[in-house]
């Protein structure tokens, strides 16, 4: 197979079935969760990256999820595509041998499709849907990792038996480029993007996830994930998230000592209040009701991409951030083009 050559000489792409024996690499990837985390010894394993792309006027909203499913009888690579405005989804399947990754940074290739934190190059065709083109990312805002918090999962990143791990690649960045989607041109110059990822064996049994970086106030991004987490012989409701506003980052999670002070939800809306040591964050999210027969997104169970879920990319979030000591409101705003997922039996999340 011919590999992508744009960055030739700067990194080496390796087929997924070739084991990496470098101890240094295995240590480095712990502190770089955006890198490929898998290896050939793991079965019932998945890994996927989530690229959200919204055009300048919002007329085009497309998310792409490249990834790999490593299971005994159905190992394969894939690229999922989500039309955020219509809700339609496409699944492009590839042999597992066509998944390649770099041991020098976040760069992966699936067939003739290339993904990194700098750009994506798409050449997708499953006989029904066809997507081609390039999107280049500008002024990437990465998650600031450190020893005690090597990514958004904090010290949980060091726990070897977690069901699912989460990483944030870019809070917010600019986009330039265009795509041809079923022979219709989609212009993304001046748009905004966001990148995150998941890896492990399965997604949680139940979760609420919400994200947007489309506020009236520039350089503002928000994400919150609340999920039922298996832990040894028990389970608990855990959460993680961030609020970034003009260079100031507030990260909040179960491991930071923050708590969910309020959690109310229905099939289409959620109202959540997070209370941390210094800040109180309230978010209200609402999405359009899913239409009967609406296309669904594939999610992993023990590595198999056979769980079907709904995701909205045209939801709205209202976020308010207050100082805990003074009740002074630091920010309040409406986030558009928001991703919002309600998955599983949400009663499992109840406090």
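Within segment 255-267, can you find the residues that are in contact with a strand residue (DSSP E or B) (Cβ under 7 Å, 6 or more places away or on another chain), in contact (Cβ under 8 Å) with a residue 60 or more places away in the chain and not in a loop (DSSP other than H, G, I, E, B)? If you could, list the steps in order and put the result at the bottom.
Initially, segment 255-267 is screened for residues in contact with a strand residue (DSSP E or B) (Cβ under 7 Å, 6 or more places away or on another chain), giving 258-265, 267.
Filter again for in contact (Cβ under 8 Å) with a residue 60 or more places away in the chain, leaving 260, 263, 265, 267.
Selection gives 260, 263, 265.
Looking only at residues in segment 268-288 that are in contact with a helix residue (DSSP H, G or I) (Cβ under 9 Å, 6 or more places away or on another chain) and not in a strand (DSSP E or B), which one is surrounded by the fewest Cβ atoms within 10 Å (Cβ to Cβ)? Give the derivation first.
Our first condition is that a residue be in contact with a helix residue (DSSP H, G or I) (Cβ under 9 Å, 6 or more places away or on another chain); within segment 268-288, this holds for 270, 276-277.
Adding the requirement that they be not in a strand (DSSP E or B) leaves 276-277.
Working: 276: 17, 277: 10.
Per the stated criteria, the residue is 277.
Could you tell me how many of the residues in segment 1-37 are modelled with pLDDT of 75 or more and either crowded, with 21+ Cβ neighbours inside 10 Å or not in a loop (DSSP other than H, G, I, E, B) (or both)? Before you say what the answer is, go through the steps one by one.
Initially, segment 1-37 is screened for residues modelled with pLDDT of 75 or more, giving 26-37.
So of that shortlist, the ones also either crowded, with 21+ Cβ neighbours inside 10 Å or not in a loop (DSSP other than H, G, I, E, B) (or both) come out as 26-30, 33-36.
Selection size over segment 1-37: 9.
Kindly indicate the residue of segment 236-250 that is without any contact (Cβ under 8 Å) to a residue 24 or more places away in the chain and closer than 19 Å to residue 157 by Cα and also surrounded by the fewest Cβ atoms within 10 Å (Cβ to Cβ) among those meeting that condition. Steps first, answer last, please.
Within segment 236-250, the subset without any contact (Cβ under 8 Å) to a residue 24 or more places away in the chain is 236, 238, 248.
Pick out the ones that are also closer than 19 Å to residue 157 by Cα and you get 236, 238.
On the way: 236: 10, 238: 20.
Applying the filter and picking the extreme gives 236.
Looking at (1) under 16 Å from the mean Cα position of the chain (by Cα); (2) under 15 Å from residue 38 (Cα atoms), find the lone condition where residue 81 falls short.
For residue 81, the exception is condition (2).
What is the number of the single condition among (1) farther than 27 Å from residue 85 by Cβ; (2) part of a strand (DSSP E or B) that residue 339 does not meet?
(1)
Return a yes/no flag: does segment 179-200 have any residue that is outside any strand (DSSP E or B), surrounded by 21 or more Cβ atoms within 10 Å (Cβ to Cβ) and touching a residue at least 24 places away in the same chain (Cβ under 8 Å).
Just the residues of segment 179-200 that are outside any strand (DSSP E or B), to begin with: 182-183, 188-190.
Narrowing further to those that are surrounded by 21 or more Cβ atoms within 10 Å (Cβ to Cβ): 188.
From what's left, touching a residue at least 24 places away in the same chain (Cβ under 8 Å): 188.
Checked against the condition, which is being outside any strand (DSSP E or B), surrounded by 21 or more Cβ atoms within 10 Å (Cβ to Cβ) and touching a residue at least 24 places away in the same chain (Cβ under 8 Å), segment 179-200 yields at least one hit.
Could you count how many residues in segment 258-267 are closer than 15 Å to residue 237 by Cβ and surrounded by fewer than 16 Cβ atoms within 10 Å (Cβ to Cβ)?
Quick first cut of segment 258-267, residues closer than 15 Å to residue 237 by Cβ only: 258-265.
In the following step, the residues that additionally are surrounded by fewer than 16 Cβ atoms within 10 Å (Cβ to Cβ) were identified as 259, 261-262, 264.
Total meeting the criteria: 4.
Looking at segment 321-330, can you tell me whether even one residue there is surrounded by fewer than 14 Cβ atoms within 10 Å (Cβ to Cβ) and part of a strand (DSSP E or B)? Can you show your working first?
Quick first cut of segment 321-330, residues surrounded by fewer than 14 Cβ atoms within 10 Å (Cβ to Cβ) only: 323-329.
The next check asks that each one be part of a strand (DSSP E or B); those that pass are 323, 329.
Yes, because at least one residue in segment 321-330 is surrounded by fewer than 14 Cβ atoms within 10 Å (Cβ to Cβ) and part of a strand (DSSP E or B).
For segment 137-158, check the following and say yes or no: at least one residue is at pLDDT 95 or above, over 25 Å from residue 337 (Cα atoms) and not in a loop (DSSP other than H, G, I, E, B).
Scanning segment 137-158, I find no residue that is at pLDDT 95 or above, over 25 Å from residue 337 (Cα atoms) and not in a loop (DSSP other than H, G, I, E, B), so the answer is no.
Give me a count of the residues in segment 201-229 that are part of a loop (DSSP other than H, G, I, E, B), within 23 Å of residue 246 (Cα to Cα) and under 17 Å from the mean Cα position of the chain (by Cα). Give the steps one after another, and end with the answer.
Going residue by residue through segment 201-229, those that are part of a loop (DSSP other than H, G, I, E, B) are 201-206, 213-219.
Subsequent filtering for residues that are within 23 Å of residue 246 (Cα to Cα) retains 213-219.
When the remaining residues are screened for being under 17 Å from the mean Cα position of the chain (by Cα), the result is 213-214.
Number satisfying all stated conditions: 2.
The values are calculated or read from the model by the stated rules, or taken from the named source; none is laboratory data. What you see is a predicted model, and the numbers here were worked out from it, not measured in a lab. Neighbour counts are summed over all protein chains in view; Cβ atoms, including those assigned to glycine, are modelled from backbone coordinates with ideal geometry.
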